[in-house]
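A.B. asks: Next up is a structure, given as C-alpha cells.
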Amino acid sequence: MSLRTEGLAKAFGGVTAVDGATVEIREGAINGLIGPNGSGKTTFFNLVTGLIRPDAGRVLYKGKEITAWSPHRIAHAGLGRTFQLCRIFPRMTVLENMLVAVRRTRLRELLAGSRNAAEVERARHWLHRMGIEHLEHAEARHLSYGQQKLLELAAIFMGDPDLVLLDEPAGGVNPALIDRIVTLVRDLNAEGRTFLVVEHNMDVVMGMCDHVVVFDRGAPICEGTPETVQSDPRVLEAYLGV
Ligand SMILES: Nc1ncnc2c1ncn2[C@@H]1O[C@H](COP(=O)(O)OP(=O)(O)OP(=O)(O)O)[C@@H](O)[C@H]1O
C-alpha cells in the first residue's frame, strides 16, 4: 500500500469539499481519480500533500501517518505533485527552475551563481527525459503551455518521488504533447513509480490508468478497472447528475 486516506474531510464555510473519503492507492500502479466538477478531487490532492489541513481523518503514506506534515516534509518523504494550473517561475530559465525545485531555500545560492554540478547533471537528465533539454536556457515563460507542463513534471523528479500526483496533466495541452505525457507516465511507472492522476480527458484516463477511483460529492462512489467504472451506473448517474 502506497497511500491511504481514512475518513478525510474538509469543508470551506458551508461547502463540504471532501466528505469522509477513505481511499487506497495501489502501489506500482497508475491510479486515476475522476469525478464531476466540484466533486473534491483537487481538495483531496491538497489535503494529501499538506497544502491544507483536514477537518477530520488521516493520511497514511507507506504505513506512516503524514496528516499534519508540512508540504515540504511530505515532498521530501517521496510524494511529488503537479498543479492543475502549472506552477513554475516564469522569469527563470528552464534549468534554473529545475535547480530551484531541489530545495526552494537554495534560491539565494542559485541567484548568486553557485551551482552544484551533480544537480545540474541530474536536471539535464530529467529535461532530456521530458524532451525539452534544448530549452535549458530559455526563460520558462517563453515555453508553450504543454512544454511548461513537461518542465513542471521534470522538476518534480528532481525530488526523486515514489508517488506522483498529477492534477490534469492533459488539460490545455495539444494532442501531440498529450501522447508524449501519456508515454512518459507509462515509462516512469514501468520503472517503479506509482501515479495518482486527476484527469477530465476520459481517453487519457482509459488509455493510461490501471485502476480508477470515482469521486462524487467529496467521497469515492466506486472503483475498479477503467472498463468497470465506465459501465457502472453510479458513475453515469454522478456525471449526469440524475
Ligand atoms: N478554497 C476554497 N474555498 C471555498 N470553496 C472551495 C475552495 N476550494 C474548493 N472549494 C469548493 O469545494 C468543492 C470541491 O472543489 P474541488 O476543486 O476540490 O473539486 P474538483 O473535483 O477538483 O473540481 P474540478 O474537476 O472542477 O477541478 C467545490 O464546491 C468548490 O467550489
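A.B. asks: If I go through the range 24-55 residue by residue, how many of them are aliphatic (A, V, I, L, M) and surrounded by fewer than 21 Cβ atoms within 10 Å (Cβ to Cβ)?
C.D. replies: Let us first name the residues in the range 24-55 that are aliphatic (A, V, I, L, M), namely 25, 29-30, 33-34, 47-48, 51-52.
Checking which are surrounded by fewer than 21 Cβ atoms within 10 Å (Cβ to Cβ) leaves us with 29, 51-52.
Total satisfying the criteria: 3.
A.B. asks: Let me ask something else about it. What number of residues within the range 17-52 satisfy the criterion of being among the aliphatic types (A, V, I, L, M), in contact (Cβ under 8 Å) with a residue 60 or more places away in the chain and within 13 Å of the ligand (Cβ to nearest atom)? Working first, answer last.
C.D. replies: Taking the range 17-52 and keeping what is among the aliphatic types (A, V, I, L, M), we get 17-18, 21, 23, 25, 29-30, 33-34, 47-48, 51-52.
Now drop any that are not in contact (Cβ under 8 Å) with a residue 60 or more places away in the chain, which leaves 17-18, 21, 23, 25, 29-30, 33-34, 48.
With the extra rule that they be within 13 Å of the ligand (Cβ to nearest atom), the set shrinks to 17-18, 21, 33-34, 48.
Qualifying residue count for the region: 6.
A.B. asks: Name the residue that is farthest from the ligand (Cβ to nearest atom), counting only residues in the range 203-238 that are under 29 Å from D55 (Cα atoms) and surrounded by fewer than 16 Cβ atoms within 10 Å (Cβ to Cβ).
C.D. replies: Among those that are under 29 Å from D55 (Cα atoms) and surrounded by fewer than 16 Cβ atoms within 10 Å (Cβ to Cβ), it is G224.
A.B. asks: Just for the range 199-242: of the residues that are assigned to a strand (DSSP E or B) and charged (D, E, K, R), which one is nearest to D167 (Cα to Cα)? Explain how you work it out, then say what you get.
C.D. replies: Here is the first cut: in the range 199-242, the residues assigned to a strand (DSSP E or B) are 211-216, 219-224.
Imposing the further condition that a residue be charged (D, E, K, R) reduces the set to 216, 223.
On the way: D216: 17, E223: 19 Å.
Looking at residues that are assigned to a strand (DSSP E or B) and charged (D, E, K, R), I get D216.
A.B. asks: Starting from the range 170-196, take each residue that is at pLDDT 95 or above and list its partners that are among the hydroxyl-bearing types (S, T, Y) and surrounded by 14 or more Cβ atoms within 10 Å (Cβ to Cβ), counting only C-beta distances under 7 angstrom and pairs at least six apart or across chains.
C.D. replies: So the pair list comes out as T194/S2.
A.B. asks: State whether the residues of the range 175-194 include one that is of a type outside the set (A, V, I, L, M, F, W, C), within 16 Å of the ligand (Cβ to nearest atom) and outside the structural domain of L150 (by TED's automatic domain parsing). First the steps, then the outcome.
C.D. replies: Within the range 175-194, the subset of a type outside the set (A, V, I, L, M, F, W, C) is 175, 179-180, 183, 186-187, 189, 191-194.
Narrowing the set further to residues that are within 16 Å of the ligand (Cβ to nearest atom) leaves none.
No, that holds for no residue.
A.B. asks: Sort through G80, G63, G14 and tell me the only one that's within 13 Å of the ligand (Cβ to nearest atom) and more than 16 Å from V214 (Cα to Cα).
C.D. replies: G14
A.B. asks: In the range 168-180, is there at least one residue being in a helix (DSSP H, G or I) and touching a helix residue (DSSP H, G or I) at 6+ places or on another chain (Cβ under 7 Å)?
C.D. replies: At the first step, the residues of the range 168-180 found to be in a helix (DSSP H, G or I) are 175-180.
If we keep only those that are touching a helix residue (DSSP H, G or I) at 6+ places or on another chain (Cβ under 7 Å) too, we end up with 177-178.
Yes, the conditions are met somewhere in the range 168-180.
A.B. asks: Turning to a different aspect of this structure: Residues of the range 69-88 being modelled with pLDDT of 90 or more and touching an Asp or Glu at 6+ places or on another chain (Cβ under 7 Å), which ones?
C.D. replies: Once the filter is applied, which keeps residues that are modelled with pLDDT of 90 or more and touching an Asp or Glu at 6+ places or on another chain (Cβ under 7 Å), the range 69-88 yields only G78.
A.B. asks: If you take the residues of the range 83-96 that are within 19 Å of R122 (Cβ to Cβ) and outside any helix (DSSP H, G or I), which of them is farthest from the ligand (Cβ to nearest atom)?
C.D. replies: The first filter runs over the range 83-96 and keeps only residues within 19 Å of R122 (Cβ to Cβ), leaving 88-89, 92-96.
Retained after the next criterion (residues that are outside any helix (DSSP H, G or I)): 88-89, 92-93.
Working: I88: 20, F89: 23, M92: 27, T93: 30 Å.
Across the range 83-96, the extreme among qualifying residues is T93.
A.B. asks: Next question, about the same structure. What is the one condition in (1) in the same structural domain as L143 (by TED's automatic domain parsing); (2) modelled with pLDDT under 85 that R124 does not satisfy?
C.D. replies: Of everything listed in (1) in the same structural domain as L143 (by TED's automatic domain parsing); (2) modelled with pLDDT under 85, R124 misses just condition (2).
The values are calculated or read from the model by the stated rules, or taken from the named source; none is laboratory data. It should be emphasised that the depicted structure is a prediction, and the values quoted were computed from it without experimental measurement. Quick reminder, even Gly has a Cβ in these numbers, built from the backbone with ideal geometry, and neighbours come from all protein chains shown.
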